[in-house]
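Working notes, beginning with the structure itself.
The values are calculated or read from the model by the stated rules, or taken from the named source; none is laboratory data. All figures in this text were calculated on a predicted structure; none of them were measured in a lab. Counting neighbours? That spans all protein chains shown, and the Cβs are built from the backbone with ideal geometry, glycine included.
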């Protein structure tokens, strides 16, 4: 594939960032509001959680299936099909007053989300110049973090002030706006995967992206304890306004990602991943001992710095390790580990917190990051040994 050596900030790339931001806001604003709606129409806490889980599970299946598909038929058909499914299922939710029906719609919506989000990540990896992969993926991931943070505020505020129907209509407008920007991006050249006799494992996953994906799984399990139980931890430790944690987190992500991406491109992944994991470990330990707002904010700054460093670097590394014609499968593999980590992490960290405390749960979560470092260090030593041989 021909790439401009320095052409990162093209009109297409800006449109990609904008469409990604808008699509993520439209989808993520449904997460807190749909669960509240399920409770409002008589559902249980279990059924409200099920509505979230079926979408996450469907997205994971779609990432595995359509990652390889888009390597063969192209990113464009998968992206447009996913966007159409998202818009249609969003509109179908207007007719949903039965929990079982809503679960079916959310499963279909999860399929559409898995298709669209994986296609966006793959188009980004096709579009970004190889010499600026770390920087470009960093900005792409930044648009997702900002969208996820804003979506919670927008969704909850709209539902509180105007009701579920207005929030749902706004979500549909976001999906339609994203679809318009998808059309502006147009088809991006890619190298087609001609391997027709691949095994089932090769069809679902890209093996060279498995290691970065496994490391991403470990850190996403640890992070799930924060996003799921930070409010409970605030009550346990007596900290009011615990939501300020995410302000510090997002601030450090904003500040770190442009710089980290350039360091990644110049010095390689080891120059940023190891310091990033150490910062996350420090953030978790500081959080577990926090009993007032200043210490909570300090913990958020350390963890946000590490998170903003590690996750996009792992994704860029997964793409760089994989063949050009398998970028769809590589992104599907990586993003699936993220979904799986959050789903498993909510259960595991919740069980640990129930058996001990939320503070102890955060301390024990650092074990996952120590394991991360051990695996990563072992890989680095092995690569050095091979290079010397």
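For the range 280-295, how many residues meet the condition of being free of Cβ contacts under 8 Å to residues at least 60 places away in the same chain and either touching a strand residue (DSSP E or B) at 6+ places or on another chain (Cβ under 6 Å) or surrounded by 22 or more Cβ atoms within 10 Å (Cβ to Cβ) (or both)? Don't jump to the end; show me each part of the working.
In the first step, residues of the range 280-295 are kept if they are free of Cβ contacts under 8 Å to residues at least 60 places away in the same chain; the result is 282-283, 286, 290-295.
Next, only the ones that are either touching a strand residue (DSSP E or B) at 6+ places or on another chain (Cβ under 6 Å) or surrounded by 22 or more Cβ atoms within 10 Å (Cβ to Cβ) (or both) stay: 283, 290.
Residues in the range 280-295 being free of Cβ contacts under 8 Å to residues at least 60 places away in the same chain and either touching a strand residue (DSSP E or B) at 6+ places or on another chain (Cβ under 6 Å) or surrounded by 22 or more Cβ atoms within 10 Å (Cβ to Cβ) (or both): 2 in total.
State yes or no: is residue 189 touching a helix residue (DSSP H, G or I) at 6+ places or on another chain (Cβ under 9 Å) and at pLDDT below 85? Explain how you work it out, then say what you get.
On the way: touching a helix residue (DSSP H, G or I) at 6+ places or on another chain (Cβ under 9 Å): yes; at pLDDT below 85: yes.
When the stated conditions are applied, residue 189 passes them.
With in the same structural domain as residue 141 (by TED's automatic domain parsing), surrounded by fewer than 23 Cβ atoms within 10 Å (Cβ to Cβ) and touching a residue at least 12 places away in the same chain (Cβ under 8 Å) as the only criterion, which of 107, 66, 101 stands out? I'd like the intermediate steps shown before the answer.
Values: 66 fails: surrounded by fewer than 23 Cβ atoms within 10 Å (Cβ to Cβ); 101 fails: touching a residue at least 12 places away in the same chain (Cβ under 8 Å).
So the residue among 107, 66, 101 that is in the same structural domain as residue 141 (by TED's automatic domain parsing), surrounded by fewer than 23 Cβ atoms within 10 Å (Cβ to Cβ) and touching a residue at least 12 places away in the same chain (Cβ under 8 Å) is 107.
Per-residue answers, yes or no, for (1) exposed (fewer than 13 other Cβ atoms within 10 Å of the Cβ); (2) touching a helix residue (DSSP H, G or I) at 6+ places or on another chain (Cβ under 9 Å); (3) within 25 Å of residue 237 (Cβ to Cβ):
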| site | (1), (2), (3) |
| --- | --- |
| 356 | yes, yes, yes |
| 365 | no, yes, yes |
| 376 | no, yes, no |
| 381 | yes, no, no |
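Might you let me know whether the range 327-341 holds any residue that is farther than 30 Å from residue 72 by Cα and either part of a helix (DSSP H, G or I) or touching a residue at least 60 places away in the same chain (Cβ under 8 Å) (or both)? Reasoning before the result, please.
Of the range 327-341, the ones farther than 30 Å from residue 72 by Cα are none.
No - not one qualifying residue is present in the range 327-341.
So residue 228 ticks every box in (1) modelled with pLDDT of 85 or more; (2) surrounded by 13 or more Cβ atoms within 10 Å (Cβ to Cβ); (3) over 20 Å from residue 123 (Cβ atoms) but one. Which box is left unticked?
That leaves (1) as the condition not met.
Which members of the range 239-279 meet the condition of being surrounded by 14 or more Cβ atoms within 10 Å (Cβ to Cβ) and part of a loop (DSSP other than H, G, I, E, B)?
239, 242, 268, 269
So which of 256, 224 ends up being at negative phi and either free of Cβ contacts under 8 Å to residues at least 60 places away in the same chain or not assigned by TED's automatic domain parsing to the domain that holds residue 273 (or both)? Please lay out each step first, then the result.
On the way: 224 fails: either free of Cβ contacts under 8 Å to residues at least 60 places away in the same chain or not assigned by TED's automatic domain parsing to the domain that holds residue 273 (or both).
After applying the criteria, what remains is 256.
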